[in-house]
Amino acid sequence: QYLIFYVDTISFSVPPSVVSPVRYCEGATASALAATAASGATLNWYNAPTGGTPTGSAPTPSTAYTGSSGTDFDTVNYYVSQTNAAGCETPRARIQVIVTKKPTAPIVKDTIYCIWDTVAQVSATGSNLKWYDAATAGTRYALPPTPNNTSAGTESFWASQTINGCESERSYLNVDIIQAIAAFVKTKDSL
C-alpha cells in the first residue's frame, strides 16, 4: 500500500487594493475607510504596520486638526490586510489620512458710501476669496459683488478664503449707502 500526500501551497501575498492618501479639511465629515479584497477574502484593519489586534470593520478617521506635526497638515496612517478562506493573511496596505488645517476667515472692513457715489467691488484681505449672500449656504457670486448705490441702506456680504484646498469660515461685511438729509426746518418769512 502506498499513502500519497498532496501539498497545496497557497500564495496569498498581495495586500488589498486601497486609495491613499485620503484627504480631508479640518472639521469635514469623514467616511469609513475603504479597501478592495480578493474574492472570498476578509479585511483586517489595524492601527499599526505590524502587530496589534485586527478589527473587521473599517475605521472612520477623525478630521480634527491637532497641529502636532508643526505644519498645516496632520497625517495618520491606517493599515489593512486580507485573509483568505485558508486563513492566510497578506502583508498590510497603508492608507494615509491627511487632515488640512482650516484657514482663518479673511479680513474685511465695513465701507460707507453716499448715495449715487461711484462704488467699487467689495474687497477683503485673503487668498482665493469667495463671496456669498449669506452666512452659511446661500448663493456664491461669480465675481466680487458691487453694492447698489441707488438707494440708501445697508447691504451685507460674506467672504471666505481657500488655502491648501480648504475653505475658511465666512467673514461678514457691511456696505452702508447713506443719504444726506437736511437737518433744518423751512419756515415762511415775509418782507
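Yes/no matrix, rows are residues, columns are (1) over 15 Å from Y24 (Cα atoms); (2) in contact with a helix residue (DSSP H, G or I) (Cβ under 9 Å, 6 or more places away or on another chain); (3) not in a loop (DSSP other than H, G, I, E, B):
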residue: P61; (1), (2), (3): no, no, no
residue: A64; (1), (2), (3): no, no, no
residue: S81; (1), (2), (3): yes, no, yes
residue: A105; (1), (2), (3): yes, no, no
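Taking the stated definitions as given, is V19 hydrophobic (A, V, I, L, M, F, W, C), out of contact with any helix residue (DSSP H, G or I) (no Cβ under 9 Å at 6 or more places or on another chain), closer than 30 Å to T162 by Cβ and exposed (fewer than 13 other Cβ atoms within 10 Å of the Cβ)?
Values: hydrophobic (A, V, I, L, M, F, W, C): yes; out of contact with any helix residue (DSSP H, G or I) (no Cβ under 9 Å at 6 or more places or on another chain): yes; closer than 30 Å to T162 by Cβ: yes; exposed (fewer than 13 other Cβ atoms within 10 Å of the Cβ): yes.
So V19 fits the description; yes.
Would you be able to tell me the number of residues in the stretch 108-136 that are hydrophobic (A, V, I, L, M, F, W, C), open to solvent by less than 70 Å² (accessible area, probe 1.4 Å) and under 34 Å from the mean Cα position of the chain (by Cα)?
First, pick out the residues of the stretch 108-136 that are hydrophobic (A, V, I, L, M, F, W, C): 108, 112, 114-116, 119-120, 122, 124, 129, 131, 134-135.
Applying the additional criterion that residues be open to solvent by less than 70 Å² (accessible area, probe 1.4 Å) yields 108, 114-115, 119-120, 122, 124, 129, 131, 134-135.
Keeping just the survivors that are under 34 Å from the mean Cα position of the chain (by Cα) gives 108, 119-120, 122, 124, 129, 131, 134-135.
Counting residues in the stretch 108-136 that are hydrophobic (A, V, I, L, M, F, W, C), open to solvent by less than 70 Å² (accessible area, probe 1.4 Å) and under 34 Å from the mean Cα position of the chain (by Cα) gives 9.
Do the conditions hold for A142, that is, is it at pLDDT below 95, at negative phi and either more than 28 Å from the chain's Cα centre (by Cα) or in a loop (DSSP other than H, G, I, E, B) (or both)? Don't jump to the end; show me each part of the working.
On the way: at pLDDT below 95: no; at negative phi: yes; either more than 28 Å from the chain's Cα centre (by Cα) or in a loop (DSSP other than H, G, I, E, B) (or both): yes.
Taking the combined requirement at face value, the residue does not satisfy it.
Is it true that some residue in the stretch 150-165 is among the acidic types (D, E), at negative phi, in contact (Cβ under 8 Å) with a residue 40 or more places away in the chain and open to solvent by less than 100 Å² (accessible area, probe 1.4 Å)? Don't jump to the end; show me each part of the working.
Taking the stretch 150-165 and keeping what is among the acidic types (D, E), we get 155.
Filter again for at negative phi, leaving 155.
When the remaining residues are screened for being in contact (Cβ under 8 Å) with a residue 40 or more places away in the chain, the result is none.
The answer is no; no qualifying residue exists.
The values are calculated or read from the model by the stated rules, or taken from the named source; none is laboratory data. From a predicted model like this one, the values you see are computed outputs, not experimental measurements. Methodologically, a virtual Cβ is constructed for each residue, glycine included, from the backbone with ideal geometry; neighbour enumeration extends over all protein chains shown. When the accessible area is computed, the model is the full protein with side chains, heavy atoms only, and any ligands, DNA or RNA have been set aside. Shrake-Rupley method; radii C 1.70, N 1.55, O 1.52, S 1.80 Å.
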